[in-house]
């Protein structure tokens, strides 16, 4: 009976309600044969995912390759997010795993698996006053350079927070890192970026 | 203080969000959307569509046809009228009409209906009483099939019907008890009911006995 109601509501659902559907509902509809649902889902996440991959890999070609593989993998898998995972977490998890696979496949050093002393970074970042409001550079090359200057773990957390809109617990789950570590990585990343991009001090 | 800290903490985040310009190239969008369209699974058929498809398959056609046949047979069997019972109603005519009518008037409507039914079914009720009295079984062949059910019900609800002699004894009892009017009325009823009978002679016989 409930399935019948769902079918009827879907049959007469206006396009606006489709736009307002959750990611999980859209994916489920796509799996049932609704191609429009995928287009909406893709439009929602294409930009964020691409910017995340571009920032993390640092190379346009690699970002495009992993981006394409991620979406095609999702299309072909036919599965749904498992357990408490949201579609967003699931999508970025796939992309992250693809990028790590690529690094492993090409014998590239895997920076995400580096372990570094969080305290060392914390001490280094104390140089800037954290409560000082700075004017940050808008130069794209400088922005990119500052981003790439971050340790990869910090950069990953920063990019996920900036472009995926995942909250910190979700990022902790995705990166399989303790929540407190995620918080400190994000804090250090922001402090360092402010310091690197600062142009003048506002009083 | 806290707001200022929060603002500075998120300054870099907000700044990167505002300045971000990276977009996936158009050819990648087209490729991915095309792949999604080609991989879109066919919509699952509805219940009716699946049923119609099943009906189109030969083995299911045979199965459905068999089911329909069985259903038709069952409906025909269910609609067949019951067999008319042979002599189930034979004792019923023993009732003498006036007494039966009296009892009918006193009885509840359902019972009255059941009592009236057999009497009305006979074309000649009066001669039937002597026949019943003499022990001859009443013939029920004249019952039509559509009255069989009603007669069955009346048979279940039937009360013992008095014979002519018993009613004549009742007349005598009423006379002895001083209820002359009632006795005369009952006798008149009996005369009307059994015009061929010599009721006076039978009454005298009964008095003698």
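The values are calculated or read from the model by the stated rules, or taken from the named source; none is laboratory data. Just so you know, these numbers come straight off a predicted model, no measurement behind them. So basically every Cβ, Gly included, is an ideal-geometry build from the backbone, and we count neighbours across all protein chains shown.
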Discussion item. Looking at region B:18-53 only, could you name the residues that are in a loop (DSSP other than H, G, I, E, B) and surrounded by 14 or more Cβ atoms within 10 Å (Cβ to Cβ)?
Written reply: B:20, B:22, B:24, B:40
Worksheet entry | Options A:99, A:74: the member that is modelled with pLDDT under 95, crowded, with 18+ Cβ neighbours inside 10 Å and away from chain B (no Cβ under 11 Å) | A:99
Item to complete: Return yes or no: is residue A:66 at pLDDT 95 or above and not assigned by TED's automatic domain parsing to the domain that holds residue A:158?
Response: yes
Worksheet item: What is the residue count in region A:31-47 for residues that are part of a helix (DSSP H, G or I) and facing chain B (nearest Cβ under 8 Å)?
Response: 7
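Table: residues versus (1) within 14 Å of chain A (Cβ to nearest Cβ); (2) closer than 24 Å to residue A:63 by Cβ; (3) over 36 Å from the mean Cα position of the chain (by Cα); (4) without any contact (Cβ under 8 Å) to a residue 40 or more places away in the chain.
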residue	(1), (2), (3), (4)
B:19	yes, yes, yes, yes
B:26	yes, yes, yes, yes
B:46	yes, no, yes, yes
B:56	no, no, yes, yes
B:59	no, no, yes, yes
B:72	no, no, no, yes
B:76	no, no, no, yes
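Are any residues in region A:48-60 without any contact (Cβ under 8 Å) to a residue 12 or more places away in the chain and within 11 Å of another protein chain (Cβ to nearest Cβ), and if so, which ones?
Taking region A:48-60 first, the residues without any contact (Cβ under 8 Å) to a residue 12 or more places away in the chain are A:54, A:59-60.
Scanning region A:48-60 gives A:54, A:60.
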